[in-house]
1. Output the number of the condition that residue 360 fails; it satisfies all remaining conditions of (1) closer than 22 Å to residue 467 by Cα; (2) within 16 Å of the ligand (Cβ to nearest atom).
2. Quick check on this structure: which one of 111, 159, 144 is within 12 Å of the ligand (Cβ to nearest atom), buried (at least 21 other Cβ atoms within 10 Å of the Cβ) and not small (Gly, Ala, Ser)?
3. Which one of these is open to solvent by less than 20 Å² (accessible area, probe 1.4 Å) and either in contact with a Phe, Trp or Tyr (Cβ under 9 Å, 6 or more places away or on another chain) or modelled with pLDDT under 95 (or both): 526, 556, 549?
4. Output yes when any residue across region 339-350 is among the β-branched types (Val, Ile, Thr) and more than 16 Å from the ligand (Cβ to nearest atom), and no when none is.
5. Which of the residues belonging to region 35-66 are over 20 Å from residue 6 (Cβ atoms) and open to solvent by 20 Å² or more (accessible area, probe 1.4 Å)?
6. Surrounded by fewer than 17 Cβ atoms within 10 Å (Cβ to Cβ), free of Cβ contacts under 8 Å to residues at least 60 places away in the same chain and on the phi < 0 side of the Ramachandran plot: is that true of residue 395 in this structure?
7. State which residue pairs qualify: first residue farther than 15 Å from residue 526 by Cα and inside region 488-511, second residue among the small types (Gly, Ala, Ser) and surrounded by 22 or more Cβ atoms within 10 Å (Cβ to Cβ) in any location, beta carbons under 7 Å apart, and separation of 6 or more residues or different chains.
8. For residue 523, are the conditions met, namely being outside any loop (DSSP other than H, G, I, E, B) and of a type in the set (Phe, Trp, Tyr)?
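The values are calculated or read from the model by the stated rules, or taken from the named source; none is laboratory data. On a predicted model such as this, the values are computed, not experimentally measured, just so you know. No Cβ is skipped: glycine too gets one built from the backbone with ideal geometry, and neighbour counts run over all protein chains shown. Ligands, DNA and RNA are stripped out before the accessible areas are found, and what is left, the full protein with its side chains, is counted by its heavy atoms. Shrake-Rupley method; radii C 1.70, N 1.55, O 1.52, S 1.80 Å.
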Amino acid sequence: MADKWWKDSVVYQIYPRSFMDSDGDGIGDIPGILSKLDYLKRLGVDVIWLCPVYESPNDDNGYDISDYRSILSEFGTIADWEELLAQIHARGMKLIMDLVVNHSSDEHAWFVESRKSKDNPYRDYYIWRPGADGGEPNDWGSFFSGSAWQYDERTEEYFLHLFSKKQPDLNWENPKLRQDVYDMMAWWLDKGIDGFRMDVINLISKNPALPRVEQGEGWRFGGEHFMNGPRVHEYLQEMNREVLSKYDIMTVGETIGVTPEDAALYVGEERNELNMVFHFELMDVDSGPHGKWDLKPWDLRDIKRIIAKWQTGLEGKGWNSLYLNNHDQPRMLSRFGDDRTYRKESGKMLATLLHTLQGTPYIYQGEELGMTNVRFASIESYKDIETLNMFAEQLAAGRDEADIMNAIYAKGRDNGRTPMQWDGSEHAGFTTGTPWIAVNPNYPDINAEQAVNDPDSIFHYYRQLIALRREHDVTGYSGFRLIGEEDERVFAYVRSRGEESLLVVLNFFGDQAEFRLPEEIGFSRAERLIGNYDPPANLRRALLRPYEAQVYRLFA
Ligand code: ISL
């Protein structure tokens with residue numbers, strides 16, 4: 001497969017609202033990010049992905065954009081942003097921006113026009129339908145609870161919103177809308193950015209018939225009618241031709257409900273669409289039949305199967321993106337590791353997994369410190385629209401409040417949105433004012449100052465992993481073979497490059513676990529590359545310690 005800079009890169013995701021506040025208003029901002037660039041350089045990341053910083057009424061923290069070409073004043077000015085880009089480039093790093101074009105804000109000028117009249121030139125920038133049988137046009141439910149349709153009195157029609165009612169879906173069937181989006185993308189690329197992360201990009205093409213999901217009561221997830229829709233590849237190839245292909249950039253699409261087969265159509269190197277996608281299969285591993293709030297314990301064998309499926313499914317076809325958390329997900333350490341007794345060990349073990357697979361690793365802010373989930377005593381402390389809507393809906397439906405709170409503790413998006421913990425001072429050094437969302441009370445123990453000063457910290461382990469990818473060309477290995485597929489405690493695999501292979505052994509639990517290297521994996525010499533304990537005496541037969549991770553290079 002082709003050699004590209006983004007394959008050798010490690011990406012760091014910044015959620016600006018929660019990263020660093022420079023002016024004491026309690027909200028992170030661009031000058032705050034500027035003040036921390038040396039920290040990121042020290043960590044060793046190559047690319048920064050900046051979540052939305054555009055003008056927005058903040059119904060969904062910036063994922064509802066009212067002006068794609070301006071910066072939200074809470075975050076700074078366009079001059080601040082230009083300085084950020086220059087300073088990132090001056091340090092040899094790159095910047096990718098979030099592109100949110102499945103929907104805009106209802107306060108965007110296009111929608112303000114669109115809702116005025118049925119013959120307004122912007123009417124067809126959005127998806128309007130008359131009601132059916134005195135109600136909504138169909139039974140689709142929104143990701144953020146309730147119907148995906150909102151009635152608008154002015155023209156007596158409904159508009160579609162897969163997310164909040166302040167996030168109307170854009171109508172990609174309209175070539176004028178598409179051209180406006182491409183012009184806007186080129187406007188940012190001409191400023192010198194290095195690519196885009198594309199929000200829910202596989203939802204942009206809806207089945208134009210907008211069929212009902214099924215007869216009956218209630219709102220349904222109509223995914224089959226808008227995920228990987230009929231024209232999505234046509235649109236992305238057009239976008240690639242008109243815009244992306246003209247720049248040396250990277251693109252990663254957030255794609256809900258894709259299999260490796262679907263993904264190959266988005267990232268296949270001959271297809272001229274995107275470079276990578278974020279899939280959700282791993283993020284659904286602990287969801288029951290009723291979705292993410294229906295908690296189910298994960299099983300390591302499922303995690304192994306999903307990772308193996310993606311590693312082999314895209315082999316020779318396309319590049320993976322590797323992540324275990326982001327601004328929409330709980331903290332990986334609380335979810336897949338141990339956020340108390342073995343915080344350091346399990347944080348390093350999970351990092352080892354992410355940095356030794358085929359693909360580009362994405363680090364979410366605070367992951368490198370081992371930040372954890374939060375448990376606020378009451379719903380009043382939560383800010384996220386998805387969480388608040390779900391809470392109200394499920395309470396009204398009669399679910400026990402304590403049970404709902406437990407679901408929020410496990411899965412709520414605010415787990416990943418509490419402020420970055422910089423030091424042990426008040427509000428973790430994030431702000432001198434009152435933070436927009438409370439800081440996790442564990443900041444006196446878990447913070448960047450502590451981690452940077454502790455040579456054995458998760459932070460320094462990430463630095464070593466990033467350096468290792470470069471020195472040992474970890475991206476140059478291919479293939480993926482599980483060892484002990486049915487082992488419920490240990491995740492082990494080999495990848496190869498010519499006569500040598502990379503062996504990764506991970507104990508996923510806090511108890512000792514036996515590991516045996518199968519006889520057929522022969523080696524004349526083993527070089528230990530990295531690990532979170534001293535290497536075991538005998539690699540053929542080892543008793544792994546709690547959350548032990550070891551990586552070897554084996555020579556045939
Ligand atoms: O994980 C999810 C499914 O319940 C949602 O939290 C999330 O909305 C979904 O992953 C899509 O995410 C993206 O689009 C949303 C925005 O709220 C998320 O922050 C964004 O990452 C709408 O723009």
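1. (2)
2. Numbers: 111 fails: within 12 Å of the ligand (Cβ to nearest atom); 159 fails: within 12 Å of the ligand (Cβ to nearest atom).
Among 111, 159, 144, only 144 is within 12 Å of the ligand (Cβ to nearest atom), buried (at least 21 other Cβ atoms within 10 Å of the Cβ) and not small (Gly, Ala, Ser).
3. Values: 526 fails: open to solvent by less than 20 Å² (accessible area, probe 1.4 Å); 556 fails: open to solvent by less than 20 Å² (accessible area, probe 1.4 Å).
One residue alone meets the criteria, 549.
4. Going residue by residue through region 339-350, those that are among the β-branched types (Val, Ile, Thr) are 341.
Narrowing the set further to residues that are more than 16 Å from the ligand (Cβ to nearest atom) leaves 341.
Within region 339-350 (the criterion being among the β-branched types (Val, Ile, Thr) and more than 16 Å from the ligand (Cβ to nearest atom)), the answer is yes, since at least one residue qualifies.
5. 35, 36, 38, 39, 42, 55, 57, 58, 59, 61, 66
6. Details: surrounded by fewer than 17 Cβ atoms within 10 Å (Cβ to Cβ): yes; free of Cβ contacts under 8 Å to residues at least 60 places away in the same chain: yes; on the phi < 0 side of the Ramachandran plot: yes.
Spelling it out, residue 395 is indeed surrounded by fewer than 17 Cβ atoms within 10 Å (Cβ to Cβ), free of Cβ contacts under 8 Å to residues at least 60 places away in the same chain and on the phi < 0 side of the Ramachandran plot.
7. From region 488-511, the pairs are 506/492; 506/549.
8. Details: outside any loop (DSSP other than H, G, I, E, B): no; of a type in the set (Phe, Trp, Tyr): yes.
So residue 523 does not fit the description; no.
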